[in-house]
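A quick write-up on the structure given underneath.
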Amino acid sequence: MLISKIRGLILLLTCLLCSPIKANELHHEDEQAIKQLFSQYMNHYNHYISDGELGDIQQLYQPTIMLMSSNNAPQSLSAQVFSQQVTGFLDGLKRQGVTNVKWQSMNVRLIDNNIALASNLAVRYTQSGDVFNQVGATYMLYKEQNAWRIASFAVHTHTGVKSL
C-alpha cells in the first residue's frame, strides 16, 4: 500500500515538474513561428523592392488589419486593400533610394496562447549599403488554425522599440 502511494506521488510530481517544460517548449515554438512570419514578411518587402512583385503577402495578415502611425489615425483595412497600400509605400521607398530592408531586432512576447506582441526595429539601406533610416513597428498577432498572422501594427520612431 505504501509503495503504491509513493509511486502515485512520484507520478504526480513527475507530471507537475514536466508541465512547465512542455509549456516552455510550446512558447519557444510559437516565438520561432512568429519570427519566421516576420522573416517572410521582410522577404516579401525586399522581393518587391528588387523585382517589383509582392507575392502572396496577404497570407501573413488577418483578413482585416488595423494600421496606425504618428501621422495616421487607426484605420481598419482588408488584407487586400492593405497589400495595395504596401506596394505604394514600397514604391516611395524605392524612389528615395532604398534597396534593402532588414530587421535589426525582433522582440516577441506571448501574452496568451493565441495572442502575441512584437516590437521590431527595421533598418533601411541604400544601394551603397549606407543606412537610409531606421523605423520601429509594434505588432499584435493572433494565432488561429495553428498559424500566426498580423492583426494590427503601429509604425513609430525607432526609439519606441522596446524589449518585451
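The values are calculated or read from the model by the stated rules, or taken from the named source; none is laboratory data. Note that this is a predicted model, so its numbers are computed, not measured. Cβ placement follows ideal geometry from the backbone for every residue including glycine, while neighbour counts extend to all protein chains displayed.
Odds and ends about this structure:
- When Phe38 is tested against the conditions (1) surrounded by fewer than 15 Cβ atoms within 10 Å (Cβ to Cβ); (2) modelled with pLDDT of 95 or more, the lone failure is (1).
- The set of residues in segment 100-136 being aliphatic (A, V, I, L, M) and touching a residue at least 24 places away in the same chain (Cβ under 8 Å) consists of Val101, Met106, Val108, Leu110, Ile115, Ala116, Leu117, Ala118, Leu121, Ala122.
- Any chance Gln84 is surrounded by fewer than 16 Cβ atoms within 10 Å (Cβ to Cβ), farther than 18 Å from Val155 by Cβ and modelled with pLDDT under 95: no
- Residue within segment 110-125 that is among the basic types (Lys, Arg) and more than 17 Å from His158 (Cβ to Cβ) present: no
- Complete set of residues in segment 92-132 that are surrounded by 13 or more Cβ atoms within 10 Å (Cβ to Cβ) and part of a helix (DSSP H, G or I): Leu93, Lys94
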